[in-house]
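Working notes for the structure below.
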Ligand code: 0O2
């Protein structure tokens, strides 16, 4: 999920046509312009919320690097979902497209991925974040303890964080995915394959991927055990 520099004019034009299409209206219609204004404001909120949560992780990583003499977080990635992807996910869930519907029904418009070295680091960092008094944990899905049938492992947390503006503060939801390097390696390949149209022998591939997920899981466990022996 690397953040890339975006041309603001191009971004505005593209957002306007995507919103108009979703509403079934002309790009100049009043309802499109009004929705667009609100939509853009919310996108700003999501970007700001990501910055706040990312800073929290960077601070925790610094703190733990002193007490543990190593950094538990390998790296952090983030992204705000694109308008197309927001509209697509609302449709798939059977929801209408409106700014209210998107803020109420989607938890992962702002997403942060925290890649840790070891499984224990995931639980330590997640626990430290959830104890911060300006963070509310909305939902947790532990796909490490309960992996998905395809082999997917990750620890998902939806948090709500306050974003302060001059007039008032806004509470914004951010989805955090915690993974080890091995889990992330697997998930990236599986994600790429999911979007491929023509896959030869899909059953064989799914079986191979599941086996790789189990190997990655056992590698994580062994690496953790070695690490624990030398501490
Ligand atoms: P993308 O392109 O990564 O953004 P929720 O409404 O939160 O309860 P949801 O959204 O299905 O339900 O949440 P869940 O199950 O926590 O999974 C959301 C995200 O986790 C996905 O986002 C993926 O990023 C990741 N994920 C979940 N399952 C898998 C999987 O089997 N393989 C891989 N590679 N990633 C997975 P998106 O929006 O689907 O995709």
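Bear in mind that the values in this text are calculations on the coordinates, not laboratory data. Nothing here was measured: the structure is a model prediction, and the numbers come from that model. Glycine gets a Cβ as well: all are built from the backbone with ideal geometry, and neighbour counts include every protein chain shown.
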task = Quickly rank 194-207, 164-177 as a protection proxy: mean count of other C-beta atoms within 10 Å, highest first.
result = 164-177, 194-207
request  = Would you mind putting 7-13, 122-128, 186-192 in packing order, based on average other-beta-carbon counts within 10 Å, highest first?
outcome  = 122-128, 186-192, 7-13
note = In whole µm²/s, the translational diffusion coefficient that Stokes-Einstein assigns to region 97-231, given a Kirkwood hydrodynamic radius over C-alpha pairs, 4 °C and 1.567 mPa s, equals 76 µm²/s
task = Once every Cα of the chain carries one equal point scatterer and solvent is ignored, give the base-10 log of I(q)/I(0) from the Debye formula at q = 0.18 Å⁻¹, two decimals.
result = -1.37
remark   = Subtracting the Cα-Cα distance of residue 221 and residue 96 from 0.36 nm times their residue separation yields 40.6 nm
message = Based only on other Cβ atoms within 10 Å, what is the fewest-to-most ordering of 183, 223?
response = 223, 183
message = Tell me the angle of helix 202-230 to the major Cα principal axis of the chain, expressed in degrees between 0 and 90 and rounded to the nearest ten.
response = 60 degrees
inquiry  = How would 158, 53, 31 line up from fewest to most surrounding beta-carbon atoms within 10 angstrom?
reply    = 31, 158, 53
ask   = Please state the equivalent ellipsoid semi-axes for region 1-128: what are the square roots of 5 times the Cα gyration tensor eigenvalues, largest first, in whole Å?
value = 36, 15, 11
